[in-house]
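Have a look at the structure below, then the notes.
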Amino acid sequence: KEETGTKVLYLGHTLPQTHPVHKGILEFQKALEQKSNGTLKVKIFPDAQLGSEREVLELLQIGSVAATKVSAATLSNFVPEYHILGIPYLFRDKDHQFEVLEGEIGKSILQKGSKFWLRGLCYYDAGSRSFYTSQKAIRTPEDLKGLKIRVMNNQMAINMVNSMGGSATPLAYGELYTAIQQGVVDGAENNPPSFVSSNHYEISKYYTLDQHSSVPDVLLIGTKFWDKLSEEEKVWVQEAADESAQAQKKFWNESVEESMKIAREAGVEIIIPDKSLFAEKSKSVVEEFVKEFPEMEPIVNQIKNK
Amino acid sequence: MSIEIISIIVLFVSFFTLLLLKVPVAYSIGIATTLSLLLNIDKLPGLTTIAQRMTTGIDSFALLAIPFFILAGDIMKRGGIANRLINFAKSLVASLPGGLAYVNILASMLFGAISGSALAAASAIGSIMTDRMEEEGYPRTLSASVNITSSTTGLLIPPSNILIVYALASGGTASVAALFIAGYLPGILLGFAIMGYVAFIAISKGYAKGKRATFSEIWMYFRKAFFSLLLLVIVVGGIVAGIFTATEASVIAVLYAAILSLAYGDMKIKDFSGVLLSSAKTTAVVMFLICTSMAMSWLFSFEGIPEMISVFLLESLNNKFAIFLAINLILLIIGTFMDMTPAVLIFTPIFLPVVTTLGMDPVHFGIVIVLNLCIGICTPPVGTLLFVGSGVAKVSVTQVIKPLLPFLAIMVAVLMLISFIPEISMFLPRLFDL
Amino acid sequence: MSKVDLIFNRVSRILEVFMIVIFALLVLDVLFQVFSRYLLGTSFTWTEEFARFALIWMTILGAAYLNGKKEHLSMDFLYQKFSETNKRKASILIEVLIFLFALIVMVIGGLNLVYTTLHLEQLSGTLRIPLGYVYAIMPFSGFLIMCFSIYHISNFLKNKNIE
Ligand code: NA
Ligand code: NA
């Protein structure tokens with residue numbers, strides 16, 4: 001939609017306004033409006049007002065919404081290369097992760113989306129996902145046996161939990177609180193800020209920091225909107241995204257600290273397990289993955305050897 | 001005038017014009033949405049977005065409970081379940097002054113509770129009770145009024161499809177399980193309030209009392225109705241105990257109703273394709289309404305309408321009590337000419353943010369909006385329950401209106417109680433920690 | 001009965017069979033999901049996705065069927081007060097509007113949706129089927145609705161069957 005001389009970039013995402021990733025997006029908005037002298041405006045729709053992650057990605061392709069922020073896990077159903085980022089224990093630590101994401105490999109994955117009309121702009125830190133359970137503590141992979149763990153509706157996540165011995169149960173996120181409370185599932189897995197903002201910490205006794213995967217969030221712009229921008233505007237958008245990514249990492253770290261404090265004070269027992277035991281179990285997931293996508297094996301190896 | 005204001009005017013003017021022209025409601029919503037959206041977005045992306053919202057709007061496992069409860073209700077409607085419930089209700093309350101009116105109310109409550117459909121309750125109970133009540137001197141129009149208003153209790157007492165629709169419209173902030181539990185007390189309160197008014201009429205007009213049933217008679221009728229009533233325990237108990245989700249409970253209800261009606265001999269295997277077809281038709285009516293309503297509510301978000309209305313209400317009224325009252329009034333007016341499902345889908349996203357800002361629980365608001373619209377389906381010009389209820393009583397809609405008015409007043413009074421005393425709705429969900 | 005009426009009846013009957021079959025599959029699918037979890041102790045990830053897609057198909061195909069039978073919910077409190085000629089005019093107008101909505105949104109918008117998702121090779125989460133196939137019910141039903149509207153309009157013009 002164009003008003004006199006200004007372009008409005010409609011951006012929809014599914015997170016609440018208190019979320020550190022939303023704060024990162026606000027930085028993007030601020031930086032872009034500043035760089036463009038107000039000629040490029042960003043209108044943000046949080047709380048899934050414009051639809052779920054998958055639905056908004058489609059709207060980017062259709063061309064009615066300009067930009068969005070989704071998890072790389074959702075994106076992998078559109079752009080297969082993002083599957084790589086969901087591989088359990090792919091990154092050694094956060095430094096390794098962002099060295100890869102902000103380096104050539106990460107950028108090339110962002111570019112891959114253009115073929116599917118979804119141009120990646122930058123990665124946001126979404127931390128590491130870990131298990132939380134309502135009744136039974138998970139200290140080793142053996143403890144997962146027989147536990148129904150809610151996962152995202154994503155093959156990699158399902159395979160991962162099953163390979164570790166749990167029983168993966170895909171369930172809508174909105175139904176999860178009641179499902180845990182009533183024992184329809186025994187637990188779920190997520191990063192600390194989501195564990196707390198969803199209030200799942202109120203009904204979970206244990207949080208096992210096995211940090212099995214570090215799927216980042218991705219800020220995307222539809223190529224339908226992107227192609228209409230001038231070269232100068234494209235530079236502004238990319239720069240604003242990069243700046244927001246750096247700011248967001250700080251918001252994220254603050255939020256993790258804050259969330260862990262809230263969880264601890266609420267009486268959640270934080271378990272620090274031997275991660276290598278879980279990593280060992282999940283190796284079959286990588287093998288299965290490279291069997292399905294042999295063309296991605298070199299990238300996986302490249303990341304691991306970096 | 002800004003483009004937002006113009007597109008809102010286009011939306012509402014075209015919508016109501018189309019409705020009045022007798023364009024089907026689902027299409028009125030779809031066409032109005034299309035006209036308004038095309039003012040904002042380029043043609044092809046705009047049209048494609050509506051097509052996408054219509055499909056993804058119903059892409060939800062939770063919504064599956066709707067066709068399943070419809071099917072379970074249709075299976076039960078065919079058999080002798082209505083009669084068994086009436087006999088059980090009669091053994092309990094027929095000996096009170098105006099006994100048969102109580103029987104009607106209680107049977108409608110039970111049937112509505114089990115089937116989750118006010119229309120099913122009104123037609124199943126009304127068709128049997130109106131004649132029996134006439135024999136004892138009740139005007140048919142009075143029987144119709146009793147039957148129509150008491151059937152709405154089934155929409156509050158779980159299982160209830162409209163509460164599932166509300167859960168969807170609330171964007172997951174209210175769970176189906178919590179809403180189901182929350183509906184019990186308001187539903188029962190509404191039933192009792194209607195009974196209270198009937199007692200007043202019965203005593204002043206001297207309607208006959210029935211014979212008091214002996215305990216063994218009550219026990220006999222209870223046994224006969226037992227398996228029908230057990231369905232309630234299985235469905236709601238299963239959800240609350242965490243044995244299954246609401247959707248899974250609904251399919252269990254189908255299986256249970258099917259087995260029960262086969263066992264009672266009410267249905268044969270070959271009857272099922274007919275029932276499936278009629279339920280599929282009802283499902284398509286409701287779900288297609290949801291399709292276009294979801295497109296419309298997306299347009300609302302896109303244009304920031306909920307935000308605008310919320311800011312307007314909060315700033316101009318600036319008083320919690322006045323805002324609740326205003327919202328209730330708006331909903332009552334909407335309810336007179338709009339059917340329940342689209343009204344819930346369209347107005348929940350608009351009003352929910354306002355009331356939650358003021359500290360109202362989304363579950364509580366769900367009960368308020370549903371009860372409010374329960375009144376709407378009993379009123380002209382558009383009242384599906386009023387039409388069905390008058391139809392089965394074989395009286396004209398205009399004849400029913402006068403005796404119906406005091407009942408509607410009772411409903412409004414109950415609505416006020418439930419709006420301003422959150423505990424009526426929230427006591428049970430809190431008790432069960434939902 | 002004219003040949004067109006025969007075709008209309010045949011198409012309606014086929015749609016009925018489809019709706020019954022899809023509904024029956026839905027019931028079996030979700031029952032299977034519940035029982036597999038409790039009796040077999042495993043959850044199959046495809047049952048939920050199948051159910052969601054089947055519901056979309058049943059709804060949108062069912063909407064086309066309802067158009068054929070004119071059984072969609074509508075509000076006739078003003079319409080009742082129209083004269084016979086105005087009722088006929090309004091009925092034709094209603095069908096024209098439905099025809100246009102089906103053409104513009106369901107067929108054109110729907111085809112572009114199908115084209116976009118197929119072209120971009122988008123697959124569903126667990127069944128791994130192209131989502132374009134799921135969306136294809138939209139233009140297909142839209143086309144049926146257009147045919148039904150033409151059929152109804154021609155009947156109105158022949159001045160039979162006003163309601
Ligand atoms: Na009910
Ligand atoms: Na009404």
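Could you list, in sequence order, all residues of the range C:22-53 that are under 20 Å from residue C:137 (Cα atoms), among the small types (Gly, Ala, Ser) and more than 9 Å from chain B (Cβ to nearest Cβ)?
Answer for the range C:22-53, where residues must be under 20 Å from residue C:137 (Cα atoms), among the small types (Gly, Ala, Ser) and more than 9 Å from chain B (Cβ to nearest Cβ): there is none.
Of all residues in the range A:48-102, which are hydroxyl-bearing (Ser, Thr, Tyr), within 14 Å of chain B (Cβ to nearest Cβ) and assigned to a helix (DSSP H, G or I)?
Our first condition is that a residue be hydroxyl-bearing (Ser, Thr, Tyr); within the range A:48-102, this holds for A:52, A:64, A:68, A:71, A:74, A:76, A:82, A:89.
With within 14 Å of chain B (Cβ to nearest Cβ) added as a condition, the list becomes A:52, A:64, A:68, A:74.
Correct list: A:74 only.
Taking residue A:138, is it part of a loop (DSSP other than H, G, I, E, B), hydrophobic (A, V, I, L, M, F, W, C), buried (at least 19 other Cβ atoms within 10 Å of the Cβ) and more than 14 Å from the chain's Cα centre (by Cα)? Talk me through it step by step, then tell me what you get.
On the way: part of a loop (DSSP other than H, G, I, E, B): yes; hydrophobic (A, V, I, L, M, F, W, C): yes; buried (at least 19 other Cβ atoms within 10 Å of the Cβ): yes; more than 14 Å from the chain's Cα centre (by Cα): yes.
Answer is yes for this residue.
Would you check if residue B:220 is more than 14 Å from chain A (Cβ to nearest Cβ), under 23 Å from the mean Cα position of the chain (by Cα), modelled with pLDDT of 85 or more and in a helix (DSSP H, G or I)? Walk me through how you get there before you give the answer.
Working: more than 14 Å from chain A (Cβ to nearest Cβ): yes; under 23 Å from the mean Cα position of the chain (by Cα): no; modelled with pLDDT of 85 or more: yes; in a helix (DSSP H, G or I): yes.
No.
Which condition from (1) in contact (Cβ under 8 Å) with a residue 60 or more places away in the chain; (2) of a type in the set (Phe, Trp, Tyr); (3) under 17 Å from residue B:348 (Cβ atoms) is the one that residue B:300 breaks?
Of everything listed in (1) in contact (Cβ under 8 Å) with a residue 60 or more places away in the chain; (2) of a type in the set (Phe, Trp, Tyr); (3) under 17 Å from residue B:348 (Cβ atoms), residue B:300 misses just condition (1).
Scanning for something open to solvent by 10 Å² or more (accessible area, probe 1.4 Å), under 19 Å from the mean Cα position of the chain (by Cα) and at the interface with another protein chain (Cβ under 9 Å from one of its Cβ atoms), does the range B:30-40 turn up at least one residue? Step through it out loud before you land on a result.
Here is the first cut: in the range B:30-40, the ones open to solvent by 10 Å² or more (accessible area, probe 1.4 Å) are B:31, B:34-35, B:38-40.
Pick out the ones that are also under 19 Å from the mean Cα position of the chain (by Cα) and you get none.
Scanning the range B:30-40 turns up no residue that is open to solvent by 10 Å² or more (accessible area, probe 1.4 Å), under 19 Å from the mean Cα position of the chain (by Cα) and at the interface with another protein chain (Cβ under 9 Å from one of its Cβ atoms).
To keep it simple, each residue is scored yes or no on (1) farther than 28 Å from residue B:304 by Cβ; (2) modelled with pLDDT under 90.
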position	(1), (2)
B:343	no, yes
B:347	no, yes
B:353	no, yes
B:367	no, no
B:370	no, no
B:390	yes, yes
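Condition (residue is β-branched (Val, Ile, Thr), out of contact with any Phe, Trp or Tyr (no Cβ under 6 Å at 6 or more places or on another chain) and touching a residue at least 40 places away in the same chain (Cβ under 8 Å)) applied to the range C:13-35: is it met by at least one residue?
No, the range C:13-35 has no match at all.
Anything in the range B:130-178 that is basic (Lys, Arg) and either crowded, with 24+ Cβ neighbours inside 10 Å or part of a loop (DSSP other than H, G, I, E, B) (or both)? List them, or say none.
Filtering the range B:130-178 for residues basic (Lys, Arg) gives B:132, B:140.
Passing the criteria: none in range.
Here is a yes/no grid of residues against (1) open to solvent by 20 Å² or more (accessible area, probe 1.4 Å); (2) without any contact (Cβ under 8 Å) to a residue 24 or more places away in the chain:
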residue: C:47; (1), (2): no, yes
residue: C:51; (1), (2): no, no
residue: C:56; (1), (2): no, no
residue: C:64; (1), (2): no, no
residue: C:74; (1), (2): yes, yes
residue: C:93; (1), (2): yes, yes
residue: C:125; (1), (2): no, no
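Just the residues that are more than 22 Å from residue B:340 (Cα to Cα) and part of a helix (DSSP H, G or I), please, taken from the range B:1-33.
Those that are more than 22 Å from residue B:340 (Cα to Cα) and part of a helix (DSSP H, G or I): B:3, B:4, B:5, B:6, B:7, B:9, B:10.
Every residue in the range B:325-349 that is within 12 Å of another protein chain (Cβ to nearest Cβ), away from ligand 1 (no atom under 16 Å from the Cβ) and either in contact with a Lys or Arg (Cβ under 6 Å, 6 or more places away or on another chain) or part of a helix (DSSP H, G or I) (or both), please.
Of all residues in the range B:325-349, those within 12 Å of another protein chain (Cβ to nearest Cβ) come to B:336-342, B:349.
Next, only the ones that are away from ligand 1 (no atom under 16 Å from the Cβ) stay: B:336-339, B:342, B:349.
Hits for the range B:325-349 are B:336, B:337, B:342, B:349.
Got a sec? Which of B:45, B:67 is within 10 Å of another protein chain (Cβ to nearest Cβ), assigned to a helix (DSSP H, G or I) and surrounded by fewer than 24 Cβ atoms within 10 Å (Cβ to Cβ)? Quick ask: steps written out before the conclusion?
Values: B:67 fails: surrounded by fewer than 24 Cβ atoms within 10 Å (Cβ to Cβ).
Going through B:45, B:67 in turn, just one is within 10 Å of another protein chain (Cβ to nearest Cβ), assigned to a helix (DSSP H, G or I) and surrounded by fewer than 24 Cβ atoms within 10 Å (Cβ to Cβ): B:45.
For (1) more than 14 Å from chain A (Cβ to nearest Cβ); (2) closer than 30 Å to residue C:67 by Cβ; (3) surrounded by fewer than 20 Cβ atoms within 10 Å (Cβ to Cβ); (4) within 16 Å of ligand 2 (Cβ to nearest atom), each residue gets a yes or a no:
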position: B:191; (1), (2), (3), (4): yes, no, no, no
position: B:202; (1), (2), (3), (4): yes, no, no, no
position: B:206; (1), (2), (3), (4): yes, no, yes, no
position: B:231; (1), (2), (3), (4): yes, no, no, no
position: B:241; (1), (2), (3), (4): no, no, yes, no
position: B:255; (1), (2), (3), (4): yes, no, yes, no
position: B:273; (1), (2), (3), (4): yes, yes, yes, no
position: B:283; (1), (2), (3), (4): yes, yes, no, no
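Listed here are the residues, each with its yes/no results for (1) away from ligand 2 (no atom under 12 Å from the Cβ); (2) β-branched (Val, Ile, Thr); (3) within 13 Å of another protein chain (Cβ to nearest Cβ); (4) on the phi < 0 side of the Ramachandran plot.
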| position | (1), (2), (3), (4) |
| --- | --- |
| B:364 | yes, no, no, yes |
| B:371 | yes, no, no, yes |
| B:375 | no, yes, no, yes |
| B:384 | no, yes, yes, yes |
| B:388 | yes, yes, yes, yes |
| B:399 | yes, no, no, yes |
| B:415 | yes, no, no, yes |
| B:429 | yes, no, yes, yes |
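Might you let me know whether the range B:155-167 holds any residue that is under 22 Å from the mean Cα position of the chain (by Cα) and within 16 Å of ligand 2 (Cβ to nearest atom)?
Initially, the range B:155-167 is screened for residues under 22 Å from the mean Cα position of the chain (by Cα), giving B:155-167.
Adding the requirement that they be within 16 Å of ligand 2 (Cβ to nearest atom) leaves B:155, B:162.
Yes, that holds for at least one residue.
Please verify whether the range A:221-239 includes one or more residues that are more than 14 Å from every other protein chain (Cβ to nearest Cβ), out of contact with any Ser or Thr (no Cβ under 6 Å at 6 or more places or on another chain), crowded, with 23+ Cβ neighbours inside 10 Å and under 25 Å from residue A:84 (Cα atoms).
Yes: the range A:221-239 contains one or more residues that are more than 14 Å from every other protein chain (Cβ to nearest Cβ), out of contact with any Ser or Thr (no Cβ under 6 Å at 6 or more places or on another chain), crowded, with 23+ Cβ neighbours inside 10 Å and under 25 Å from residue A:84 (Cα atoms).
So residue B:269 passes all but one of these: (1) within 28 Å of residue B:140 (Cα to Cα); (2) hydrophobic (A, V, I, L, M, F, W, C); (3) at pLDDT 85 or above; (4) surrounded by fewer than 19 Cβ atoms within 10 Å (Cβ to Cβ). Which condition number does it fail?
All conditions pass for residue B:269, except number (1).
Please count how many residues of the range A:54-75 are within 11 Å of the chain's Cα centre (by Cα) and under 16 Å from residue C:126 (Cα atoms). I'd like the intermediate steps shown before the answer.
Initial filter on the range A:54-75 (within 11 Å of the chain's Cα centre (by Cα)): A:69-75.
The next check asks that each one be under 16 Å from residue C:126 (Cα atoms); those that pass are A:73-75.
Final tally of qualifying residues: 3.
Just give me the residues in the range B:385-409 being open to solvent by less than 40 Å² (accessible area, probe 1.4 Å) and more than 16 Å from ligand 1 (Cβ to nearest atom), in sequence order.
At the first step, the residues of the range B:385-409 found to be open to solvent by less than 40 Å² (accessible area, probe 1.4 Å) are B:385-386, B:389-390, B:392-393, B:395, B:400, B:403-404, B:407-408.
Passing the criteria: B:386, B:389, B:390, B:392, B:393, B:395, B:400, B:403, B:404, B:407, B:408.
Inspect the range A:16-30 for any residue being within 14 Å of another protein chain (Cβ to nearest Cβ) and in a loop (DSSP other than H, G, I, E, B) and give the result as yes or no. Write out each step before concluding.
Taking the range A:16-30 first, the residues within 14 Å of another protein chain (Cβ to nearest Cβ) are A:16-17.
Cutting the leftovers down to in a loop (DSSP other than H, G, I, E, B) gives us A:16-17.
Yes, there is a match, as at least one residue in the range A:16-30 is within 14 Å of another protein chain (Cβ to nearest Cβ) and in a loop (DSSP other than H, G, I, E, B).
Restrict the check to the range C:67-74 and report whether at least one residue is more than 20 Å from residue B:71 (Cα to Cα), away from chain B (no Cβ under 11 Å) and among the polar types (S, T, N, Q).
no
Among all residue pairs at least 6 apart or on different chains, which show Cβ distances below 6 Å where the first residue, located in the range B:112-141, is over 18 Å from residue B:384 (Cβ atoms) and the second is within 16 Å of ligand 2 (Cβ to nearest atom)?
Correct list of pairs: B:141/B:400.
Confirm whether residue C:154 is open to solvent by less than 10 Å² (accessible area, probe 1.4 Å) and more than 9 Å from chain B (Cβ to nearest Cβ).
Details: open to solvent by less than 10 Å² (accessible area, probe 1.4 Å): no; more than 9 Å from chain B (Cβ to nearest Cβ): yes.
No.
Counting only residues that are buried (at least 24 other Cβ atoms within 10 Å of the Cβ) and either among the small types (Gly, Ala, Ser) or within 16 Å of ligand 2 (Cβ to nearest atom) (or both), which one in the range B:71-90 is farthest from the other protein chains (Cβ to nearest Cβ)?
That would be B:89.
The values are calculated or read from the model by the stated rules, or taken from the named source; none is laboratory data. None of the values given here were measured: they were computed from a predicted structure. All Cβ positions, even for glycine, are placed from backbone atoms using ideal geometry, and neighbour counts span all protein chains on display. Quick note on the areas: whole protein, heavy atoms, side chains included, nothing else; ligands and nucleic acids left out. Shrake-Rupley method; radii C 1.70, N 1.55, O 1.52, S 1.80 Å.
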